[in-house]
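Student: Mind having a look at this structure? Questions to follow.
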Amino acid sequence: MSDASLNTQAQPGEAGFGDYFALLKPRVMSLVVFTALVGLLAAPIGVHPFIAFCSVLFIAVGGGASGALNMWWDADIDEVMKRTASRPIPSGKVDPQEALAIGVTLSVFAVVMLGLAANWMAAGLLAFTIFFYAVVYTMWLKRWTPQNIVIGGAAGAFPPMIGWAVATGGVSVESVLMFMLIFMWTPPHFWALALFMKADYEEAGVPMLTVTHGRKVTRRHILVYTILLAPLAIGTGLTSIGGPVYMTVSVVLNALFLLGAVKIWRRDEDAAQADKYRTEKSFFGLSLMYLFLHFGAILAEAALKPYGLGGW
Amino acid sequence: MGFENVEHELHKRRSSRNLGVGLVLAVFIAIVFGLTVVKVTRIGETPAQQQQQQQGGN
């Protein structure tokens, strides 16, 4: 046996299991699991615990599959951007065709299994979500328009709606409001990131708003979306999934979020560069807490309901 | 020595992949089995009965 051709570099086809798992974007998957679970538990109809567990698992697998398809298509962009250069495909650990095969296979698997485990309405929504993220956002919008984040944000907003559909078999005002909450939250969240990661997007040729319209316009857009988000988030508290806990959390968070957006809007580039984008970074951190705590509050309301405490 | 290390690294990756795929398949079988049991035991129940049992379980 010759050992001349062997080397210690990662070879396509010789990836470890962890490399394939990384293709599914585990961090994004954790957000999908959390929001889908909240949607499912906040619904007025109960689901058998095992069916609920399997449904959330299949939603997560579907979300992961769309992540693999995104990595397959965006391998050229990921290679250029510092933030994504270590992903499995640009780092040479996984072959692009493998990523495509995994993405397609897991997409079909997740949709069919969700249909069989829960219902076909939820499965249809999952299929549409995968299509929207992989095709509409990744292949079409991302490289074409600075509004990529706005419209593409819909893909990340579907999981609570799918969770709700698992329980109820349909769509309602509450599930649409949960969708809208994530949908309207996405632009300020990503634009804040783009403000302090501008060089990355520029080098990759991704038409982020910061690149095409400049930072001043981006700052204004963050403020406008945050203003639009506030009544929507607080209004959700008046529906059947809201209650005093949610309302308190939402009012406080929206006040803080608005304050942060105003600070970002009032700053100029010199001030931002002087303190290394501290305000933008703290707004980005707050945005993560904003979403987590809003959905956490919806979950708390659902958990308190059996004791006569949740809701209005 | 170098050869042994290289071979070991490749085998480690392969074995992690094989083990991972094996575990995924085992979990999949368990899930299909569990879903079958849940679905079969609920045959004949009306949605109201299912809901009642669900609430009782909670």
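The values are calculated or read from the model by the stated rules, or taken from the named source; none is laboratory data. Computed from a predicted model, the values in this text were never measured in an experiment. A quick note on method: Cβ atoms are made from the backbone with ideal geometry, for glycine too, and the neighbour counts reach across all protein chains shown.
Student: Given the options A:GLY92, A:GLY64, name the one that is touching a residue at least 24 places away in the same chain (Cβ under 8 Å), at positive phi and not assigned by TED's automatic domain parsing to the domain that holds A:GLY311. It would help to see each step written out before you state the result.
Tutor: Values: A:GLY64 fails: at positive phi.
That would be A:GLY92, the only listed residue that is touching a residue at least 24 places away in the same chain (Cβ under 8 Å), at positive phi and not assigned by TED's automatic domain parsing to the domain that holds A:GLY311.
Student: Any residue in region A:269-282 that is crowded, with 20+ Cβ neighbours inside 10 Å, aromatic (Phe, Trp, Tyr) and modelled with pLDDT of 95 or more?
Tutor: no
Student: Separate question: Within region A:209-218, can one find any residue that is within 20 Å of the chain's Cα centre (by Cα) and under 22 Å from A:GLY64 (Cβ atoms)?
Tutor: Checking region A:209-218: not a single residue is within 20 Å of the chain's Cα centre (by Cα) and under 22 Å from A:GLY64 (Cβ atoms).
Student: Considering only region A:46-99, how many residues are within 14 Å of chain B (Cβ to nearest Cβ), farther than 20 Å from B:ARG14 by Cα, small (Gly, Ala, Ser) and not in a helix (DSSP H, G or I)?
Tutor: Within region A:46-99, residues that are within 14 Å of chain B (Cβ to nearest Cβ), farther than 20 Å from B:ARG14 by Cα, small (Gly, Ala, Ser) and not in a helix (DSSP H, G or I) number 1.
Student: Continuing with this model, one more query. State yes or no: is A:PHE257 aromatic (Phe, Trp, Tyr) and more than 17 Å from A:ALA194 (Cβ to Cβ)?
Tutor: Values: aromatic (Phe, Trp, Tyr): yes; more than 17 Å from A:ALA194 (Cβ to Cβ): yes.
So A:PHE257 passes the test.
Student: Look at A:PHE128 and say whether it is in a helix (DSSP H, G or I), without any contact (Cβ under 8 Å) to a residue 40 or more places away in the chain, away from chain B (no Cβ under 14 Å) and crowded, with 20+ Cβ neighbours inside 10 Å.
Tutor: Numbers: in a helix (DSSP H, G or I): yes; without any contact (Cβ under 8 Å) to a residue 40 or more places away in the chain: yes; away from chain B (no Cβ under 14 Å): yes; crowded, with 20+ Cβ neighbours inside 10 Å: no.
No; evaluated as a whole, the condition is false for this residue.
Student: Continuing with the same structure: When you scan region B:24-40, do you find a residue that is modelled with pLDDT of 90 or more, surrounded by 12 or more Cβ atoms within 10 Å (Cβ to Cβ), more than 21 Å from A:VAL56 (Cα to Cα) and facing chain A (nearest Cβ under 8 Å), even just one?
Tutor: no
Student: Kindly list, by first and then second residue, each pair from a residue in region A:36-58 that is of a type in the set (Gly, Ala, Ser) to a residue that is crowded, with 18+ Cβ neighbours inside 10 Å and part of a loop (DSSP other than H, G, I, E, B), limited to pairs with Cβ atoms under 8 Å and residues at least 6 apart or on different chains.
Tutor: As it stands, the answer is A:ALA42/A:ILE241; A:SER55/A:VAL47; A:SER55/A:ALA118, since those pairs meet every condition given.
Student: For residues that are part of a helix (DSSP H, G or I) and over 19 Å from the mean Cα position of the chain (by Cα), scanning just region A:30-45, find the one that is farthest from the other protein chains (Cβ to nearest Cβ). Give the derivation first.
Tutor: At the first step, the residues of region A:30-45 found to be part of a helix (DSSP H, G or I) are A:30-42.
Then drop every residue that is not over 19 Å from the mean Cα position of the chain (by Cα), which leaves A:41-42.
Details: A:LEU41: 11, A:ALA42: 14 Å.
Top of the filtered list is A:ALA42.
Student: I've got another one for you. Scan A:LYS216, A:LYS263, A:LYS276, A:LYS281 and give me the residue that is within 24 Å of A:VAL32 (Cα to Cα), out of contact with any strand residue (DSSP E or B) (no Cβ under 8 Å at 6 or more places or on another chain) and charged (D, E, K, R). Let's see the steps before the verdict.
Tutor: Details: A:LYS216 fails: within 24 Å of A:VAL32 (Cα to Cα); A:LYS263 fails: within 24 Å of A:VAL32 (Cα to Cα); A:LYS276 fails: within 24 Å of A:VAL32 (Cα to Cα).
The unique qualifying residue is A:LYS281.
Student: Please specify each residue of region A:140-169 satisfying the condition of being among the hydroxyl-bearing types (Ser, Thr, Tyr) and crowded, with 19+ Cβ neighbours inside 10 Å. Please lay out each step first, then the result.
Tutor: From region A:140-169, those among the hydroxyl-bearing types (Ser, Thr, Tyr) are A:145, A:168; that's our starting set.
A:THR168 - this is the single residue of region A:140-169 that is among the hydroxyl-bearing types (Ser, Thr, Tyr) and crowded, with 19+ Cβ neighbours inside 10 Å.
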